[in-house]
């Protein structure tokens with residue numbers, strides 16, 4: 001599961017600026033081992049230390065000791081195995097991609113193809129082959145019900161929106 005990416009460097013001793021998808025942003029520091037890379041070329045790295053820095057997060061990984069090594073990692077995805085993530089009442093976007101979306105009247109709107117993090121709330125990207133809809137992920141308001149087992153999400157959304 002992708003939890004963030006390396007957004008830049010911090011200082012000259014190999015510290016990294018992290019863009020975290022976790023809530024709170026520092027939640028990414030709860031995972032002692034990060035897998036860096038894209039799809040089939042991920043390598044495991046040990047988190048040595050990290051902290052909030054301004055509105056972001058900075059971290060130091062084992063074996064990354066200078067700015068040049070850190071620069072080479074910019075843009076790299078940070079992942080952890082799905083089995084290490086806590087189970088709870090929420091949903092992970094990776095588990096929602098591909099689910100069918102229908103409105104309260106039973107009208108099929110398409111399937112979730114991704115999401116956008118706007119800061120205020122997430123927005124699900126729903127595609128039906130003809131058009132793309134951006135539907136705010138607001139539980140109890142636009143998102144009425146989620147059934148991962150049966151593979152669908154019910155939303156309060158007009159089909160023409």
For this session: Kindly indicate which of 117, 161 is within 22 Å of the chain's Cα centre (by Cα) and not assigned by TED's automatic domain parsing to the domain that holds residue 21.
Result: 117
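Examine segment 75-94 for a residue that is touching a residue at least 12 places away in the same chain (Cβ under 8 Å) and over 16 Å from the mean Cα position of the chain (by Cα), and state whether such a residue exists.
Kept after step one, since they are touching a residue at least 12 places away in the same chain (Cβ under 8 Å), are these residues of segment 75-94: 75-82, 84-85, 91-94.
Narrowing the set further to residues that are over 16 Å from the mean Cα position of the chain (by Cα) leaves none.
The answer is no; no qualifying residue exists.
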For this session: Would you mention how many residues in segment 81-124 are farther than 13 Å from residue 21 by Cα, outside any loop (DSSP other than H, G, I, E, B) and in contact with a strand residue (DSSP E or B) (Cβ under 7 Å, 6 or more places away or on another chain)?
Result: 14
Exercise. Which condition number does residue 40 fail, the rest of (1) under 27 Å from residue 120 (Cβ atoms); (2) free of Cβ contacts under 8 Å to residues at least 12 places away in the same chain being met?
Worked result: (1)
Seminar exercise, completed: Selection from segment 50-74 of residues loosely packed, with under 15 Cβ neighbours inside 10 Å, out of contact with any helix residue (DSSP H, G or I) (no Cβ under 6 Å at 6 or more places or on another chain) and under 13 Å from residue 27 (Cα atoms) yields 51
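The values are calculated or read from the model by the stated rules, or taken from the named source; none is laboratory data. Every value quoted in this text rests on a predicted model; they were computed, and no experiment measured them. Virtual Cβ from ideal backbone geometry, glycine too; neighbours counted across all protein chains shown.
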